[in-house]
Amino acid sequence: MNHDTPRGRRRARPSPVALAAGTVVVACFALAVFGPVLAPHAEGTIVSRNIFAPMSAAFPLGTDYLGRDMLSRVLYGARFTIGVALPATLLASGTGTLLGMLAAVRGRTLDAVLSRAMDTLISLPTLIFSLVVVAALGSSITVLVLTAAVIYTPGSYRIARSVAVDLSATDFVKAARARGEGGLAIMLGEILPNMVMPVLTDFGLRFVFIVLLLSSLSFLGLGIQPPYSDWGGMVRENIEGLSAGAPAVIVPAVAIAILTVSVNLLIDNLPGRGSRHRGA
Amino acid sequence: MAHDAGVSGSHWHVEVTDLLVTAQGPAGTPTPIVRDLSFGIARGEVLALIGESGSGKTTAGLSLLGYARPGCRIAGGCVRVGTTDVLALRRSQLADFRGANVSYIAQSAAAAFNPAQRLLSQVIEPALIHRLMPRREAEEKARELFRALALPDPVRIGERYPHQVSGGQLQRVMAAMALITDPELVVLDEPSTALDVTTQVEVLRAFKRVVRDLRTTALYISHDLAVVAQIADRIVVMHDGAAQETGTTGTILDDAQHPYTRSLLAAAAPRGVPETTDPPMPPLLEVTNLTAGYGHRRALIPVLHGVSFTIAPGRVLGVIGESGCGKSTLARVVAGLLPQASGQVLLDGQSLPARVEERTRDHLRAVQIVFQSADTALNPARRIGPILARPLRFYHGMRGITARRRVAELLDMVRLPRAVADRFPDELSGGQKQRINLARALAAEPRLLLCDEVTSALDTVVGAAVLDLLAELRRELGLAMMFISHDLSTVRAICDDIMILYAGQRVELGSRAALRQLPRHPYTDLLLSSVPQLRPGWLDEVGSVHLREASGEPSLDDGVRPCAFFRRCALRIEGVCDRATPPLRHLSKGGMILCHRDEAELSRVEACETVDLASDAPTIHGCE
Ligand SMILES: Nc1ncnc2c1ncn2[C@@H]1O[C@H](COP(=O)(O)OP(=O)(O)OP(=O)(O)O)[C@@H](O)[C@H]1O
Ligand code: SF4
Ligand SMILES: [Mg+2]
C-alpha cells in the first residue's frame, strides 16, 4: 500500500522578462560582431565641424567632442566593451569557480593556500595594480582581458567556495563519498550542477564590474587606445558635453546600462531548475 | 463528556461546516485539498485531527485561524469560533483575532522563537501586542504557565535564551506562549512529533494537564494514533482532504468502521517479523571496541565509547537511542565516512580500513548507507534516472540501455512507477524520495545496508509501507542491515537483535525476544515504558519519567568510565555507579547489559514498578 502523494510535474518556460532581456543581450553581441559593417562612417574619421551636435537626420546619435559620428562610434565600440568584458568575465568566473570548488573539496591545505592567495590579490588596489601591469606590458586587448580577470577572480572564488563548502556538507555528497567516488567525480557530478545559479548570478555582477573597470582604465589612458574606444571610454572622452546635454555622453552611458542590466535580468530570470536550488 | 458525534447544533464552541480549501493545480485549475469537512468542538474539549501527510490536516487546522498557505485558498464553507465567523473577518480583524482568540502551536518550536531574545519576553509578546494585560501581569501569568507545564525552575527559566533549553522544554515554552492570551481555541500541529519518546511523554503529560486544568478547547493534529489516544476526547480521521470517520477516542480505537482508519490502526499496532533462529554463522560485520568522535586527533570529542557488536549475514540489528547518542556517528564510522579513534570494523573477518578512500571497491559495494533525511540525500539538480544510474556505472560498469533497464528494475523493486526516472527529487513526496534513496543503495547490490532513521521523517502509514518494503527486500535479497531509529516500535517491527545506545555507550544488546523480558537495563526499561500505547489512559499510568539531560559523566581516571545514565537512573547506587565502570553482565534471558546492578536486583525492582509494555499484550506486573 503506497499512499505517497506525488506533486505535479512542473516544466519551466522562459518568462517574458527573460525573453526580452535575452533578445537585447543577443542584439548587443551581434553589434559586437557586425557593428563595423553596419556603421555609416569609419570610427576615427571626423565628419562634422559641429562638436557635441544633437541628434539629427545626418547624425542620428549626434557627434562627439571631435565631431565624429556617434552612431558609428557606438557600433564600433561594442567590439571592445563586449570583446574585453565577456572573455575577462568568463575567465574570472571560470577560474574562481574551479578553484573555489577545489578548495572546498580537496581538503584543508589547498584551501588554506588558495584562500590566502586570493586574499592577497583582493587586497591590492585595483587601479594601481592595473596601472602597473599595463605600464609594464603595454595596453593590448589580451593584457586588458587578463588584468581584469585576475582582479575579479578572487570575488568569484569566494562565492564559489562558500557555496561549494555548503554543498559538500550535504547528504548527497556524503552518499557519493560513501560510494567511493573520487574528488573529481563529486565535483562535476554532484556539486557543480547545484552551483550553476549562484555562479551565473555572480557572473552578471562581475560583468558589470569589468565594464566599469574598463572605462576607468580608458579614462587614465590605459584602456583601449585612441582613436578606438569602448563605451566607457566614450563617456569619459565626451564628459564635457554633459552640461550641454550632448547625446555623445549620454548614448554610450545608456548603451552600458542596457547591456549590463539586460545581462543581469536575463540571468535572474533564466528558466530552469537552478533558481530553486541556490546554495541547496 | 457526552458529545454525540455527528450531532451538529449550536452547542459546539467551535464549528466547521463544509469547509473547502483549494490549491492551484498543475494546469492552473483549483484542486480541492480539503473538501466537505465538517466537525464541531465543544467547549473544553480536545478534538484530534488524524491522518498522514498530504491528507489536509494542517490545511484544515490553519483554516481555523482564517489562514490559507500561499497558493491555497479557502474557497467555501463556514468556520465559527465562539461567536466569530472567522472567514468573514477582514484582514485587520484577523490579525486581532489570531493570537488573542485562537493560537497555534507548531511542530518545531525552534523555528518559532527568535534565538536572540529571552524566552519570557517572547512568551508575553502576544498578550502585549493585543493589549490584554500589563507587562507585569503577563510575566506573572507566564511563570504560572511555566509551572503548570512542569518546566524546571519556572521563575527563572524565562530569562534563558531559546538555545539554552532542550527541545522538549522549548515545545512547552511555546505552549505557554500560545496560552498566555487565554485563547478560545488552541490548534496544536504535531507538537510532539519531533521529540524523543522519553521527552514526548513529559511534553504530552504537561499539555494534557494544562488543557484539562484550564478547560482549553483544542484541536490536536497528529499522525500518531497512540499519541492522540492519550490526549483527545474525540477523533476525526482524515484522508485525501475529507473526513473518513468521526467518533470518540474509544470508539475509533476499539470499533473503527472505515477501512482507512483500520489501516492506520494496523500501522500503529506493534507488529513483528517472525522470530528467526538461524544456526550461528560467522558474522558479516563485526565491530569491536569502537571509539569515535569529532574534532582533531588531539582534541577529540568522543561520541562513541567502546561499542562492540556483530551482524550475521541476512540478520537485522536495530540500534536505538535518543537524539545525539551517536547512532548516526556509528553508521558513519562503519561506512568509512568518519575514521574511528580506536577499535576495529571487520567485514567477513577482514579489517576494513578506517577511511573510505582506502577501501576497495568491493568493500564499498558491500556496505551501503541510506541517509536519515531523504530530502537532502538526493542531489536536487539531477533527475532520478541518472541518480540511480550512477552507482550502476560506478560499481558494475553498466551504461546505456543496460543501465536504463536496471534502473527500471530498481524502481519496480521499490514499488515506484518507472516514469519516476524522469523526475527531479523535489517532484517526489517524502516517502517516494526515501524509496529512491533505498533504490540507490540497492543498485550497488550490497550485503549490508546501513539504514539511518529511514522512516522517522515519514508518517505512520507511509513509514509502515517503507518498513514492509525493507522486510520484503531483506527476505528476497538476503540483506543484512543495521537499522537505526529512535523509535522502538519501528525497530521491533523489523529487527532480529537490538542494541541500545545511551550517550555513546552500548548499554544493552540482545535479541528482540530477550528485550521483551525482564530484567532490562534501567535505560531500556525507561525507553520501553515511554512509547505511547494505543490505549487511552496509558499516559496517566506510566510512572514519572526522570527527564534530565543525557550527559556522559566525565571519565575519572584513564579507563574508568562511570555509568552515563547515572543521573536519570532510578536504581543508581551513589558512590558506585558514578565512580566505577559498570561491568558487562550476560543475562540468563540472553543478551548483555552494562550495569552495576546484578540480574536479581534488576528483576526485582523492574517487575515491581514497570508496566511491561514490550510484550504485545501489555500487562501490569504487580509487586510481590
Ligand atoms: N560533524 C560533527 N561535528 C561535531 N560534532 C558532531 C558532528 N556530528 C554530530 N556531532 C555530535 O555528535 C553527537 C552524536 O551525533 P549523532 O548524529 O551520531 O547522533 P544521533 O544519535 O544520530 O542523533 P539523531 O537521533 O538526532 O539523529 C551529538 O552530540 C552531535 O552533536
Ligand atoms: S550502572 Fe547504576 S546508574 Fe547505571 S544503569 Fe546501572 S544502576 Fe543505573
Ligand atoms: Mg542521526
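Structure data summary
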| item | result |
| --- | --- |
| Cβ pairs under 8 Å, 6+ apart, first in segment B:317-341 and more than 14 Å from B:Thr291 (Cα to Cα) and more than 9 Å from ligand 3 (Cβ to nearest atom), second among the hydroxyl-bearing types (Ser, Thr, Tyr) and assigned to a strand (DSSP E or B) | B:Gly318/B:Ser485; B:Val319/B:Ser485; B:Ile320/B:Ser485; B:Gly321/B:Tyr502; B:Glu322/B:Tyr502 |
| Matching residues, segment A:41-67, being farther than 20 Å from A:Ser243 by Cα and part of a strand (DSSP E or B) | A:Ile46 |
| Filter result (within 16 Å of ligand 1 (Cβ to nearest atom) and either within 24 Å of B:Gln517 (Cβ to Cβ) or more than 14 Å from every other protein chain (Cβ to nearest Cβ) (or both)) within segment B:457-488 | B:Met482, B:Phe483, B:Ile484, B:Ser485, B:His486, B:Asp487, B:Leu488 |
| Cβ-Cβ under 6 Å pairs, at least 6 apart or on other chains, segment B:568-590 side closer than 16 Å to B:Glu601 by Cα and assigned to a loop (DSSP other than H, G, I, E, B), far side of a type in the set (Val, Ile, Thr) and within 10 Å of ligand 2 (Cβ to nearest atom) | B:Leu571/B:Val605 |
| Evaluation of B:Met413 against (1) surrounded by 18 or more Cβ atoms within 10 Å (Cβ to Cβ); (2) within 8 Å of chain A (Cβ to nearest Cβ) (one fails), failing number | (2) |
| Options A:Glu190, A:Glu181: the member that is surrounded by 22 or more Cβ atoms within 10 Å (Cβ to Cβ) and over 21 Å from the mean Cα position of the chain (by Cα) | A:Glu190 |
| Selected residue (only one of A:Thr45, A:Thr89, A:Thr97 is surrounded by fewer than 16 Cβ atoms within 10 Å (Cβ to Cβ) and not aliphatic (A, V, I, L, M)) | A:Thr45 |
| Listing of helices (runs of 4 or more DSSP H) fully contained in segment A:169-267 that carry 1 or more residues being in contact (Cβ under 8 Å) with a residue 24 or more places away in the chain and within 14 Å of chain B (Cβ to nearest Cβ) | A:196-219 |
| Meets criteria (under 17 Å from B:Asp196 (Cα atoms) and touching a strand residue (DSSP E or B) at 6+ places or on another chain (Cβ under 7 Å)) for B:Asp452 | yes |
| Selection from segment B:438-456 of residues that are facing chain A (nearest Cβ under 8 Å) and touching a Leu at 6+ places or on another chain (Cβ under 7 Å) | B:Arg440 |
| Condition met for B:Thr376 (within 12 Å of chain A (Cβ to nearest Cβ) and exposed (fewer than 15 other Cβ atoms within 10 Å of the Cβ)) | no |
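Residue-wise test of (1) of a type in the set (A, V, I, L, M); (2) surrounded by fewer than 20 Cβ atoms within 10 Å (Cβ to Cβ); (3) within 14 Å of chain A (Cβ to nearest Cβ); (4) more than 26 Å from the chain's Cα centre (by Cα).
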position: B:Val16; (1), (2), (3), (4): yes, no, no, yes
position: B:Gln24; (1), (2), (3), (4): no, yes, yes, yes
position: B:Arg73; (1), (2), (3), (4): no, yes, no, yes
position: B:Leu89; (1), (2), (3), (4): yes, yes, no, yes
position: B:Tyr104; (1), (2), (3), (4): no, no, no, no
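So that you can scan it fast, the table gives a plain yes or no per residue for (1) outside any helix (DSSP H, G or I); (2) of a type in the set (A, V, I, L, M); (3) under 28 Å from B:Ser222 (Cβ atoms):
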| site | (1), (2), (3) |
| --- | --- |
| B:Ala111 | no, yes, yes |
| B:Pro115 | yes, no, yes |
| B:Glu144 | no, no, yes |
| B:Leu170 | no, yes, yes |
| B:Ala175 | no, yes, yes |
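Only the coordinates and a few stated rules stand behind these numbers; no lab work does. Everything quoted here is computed from the prediction, not taken from an experiment. Cβ atoms come from the backbone with ideal geometry, glycine included; neighbour counts cover every protein chain shown.
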